[in-house]
């Protein structure tokens, strides 16, 4: 059901989207908190993702010092767990693409990483480095958050990062899998063509099917050079559904959650 059809129907869900997402935090039937676990999952199920370059403890100073000569020109450094973009360094020729800050060596990056990570709950000394996915036309690729309920993809949130500002709220559009837009932010974005939307739906469906179709799963993807790469799997929406402040949209997404919850896939 599209958003317009939902509004016309007068249906009221039992709970709004945010309340359902909070419940999945308390009783999640799927969790992949350690992002390193994503790599063997992708390899086993023939799902495209970035290549893993290195993983280790950020405080192993000597080993990290020896790492620098082996780093590629472009790479992404991430904590193995954490929330949102915290602790993520998108590095290209010594510059963090998110902040514009220039680094002389990996030790300086490590110091900033430790300082930034220690500022929030859930800090981990363990990190990994993966290849940096680039789009030859737009540099940083479009990001897709694909929302699946009990194995059924219902809607997609797309945003386009820009240099020195990788916030997911920056210029975004949310749309039903049919292509109907129901929410935009900062002017929104043009929708991808129907072929790309269908590819995203098929890609995310393959992922959730491989995980036995959990009640809720957000499949995060990158689209670059006409390829889809799995970024991470999130069994709770990273911002707890508060991205959507409008009551009508909260009710609509709550309805989609309830519609699929008890379906047999």
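Only the coordinates and a few stated rules stand behind these numbers; no lab work does. This one's a predicted model, so the numbers in the text were calculated from it and none came from an experiment. Positions of Cβ are generated from backbone atoms using ideal geometry, with glycine treated the same way; all protein chains shown enter the neighbour counts.
Things to note:
- When 159, 183, 103, 252 are sorted by how many other C-beta atoms sit within 10 angstrom of their C-beta, beginning with the fewest, the order is 103, 183, 159, 252.
- Residues 215, 88, 181 arranged by fewest to most Cβ contacts within 10 Å: 181, 88, 215
- Residue exposure proxy: 59, 12, 101, ordered by other Cβ atoms within 10 angstrom of their Cβ from fewest to most, comes out as 12, 59, 101.
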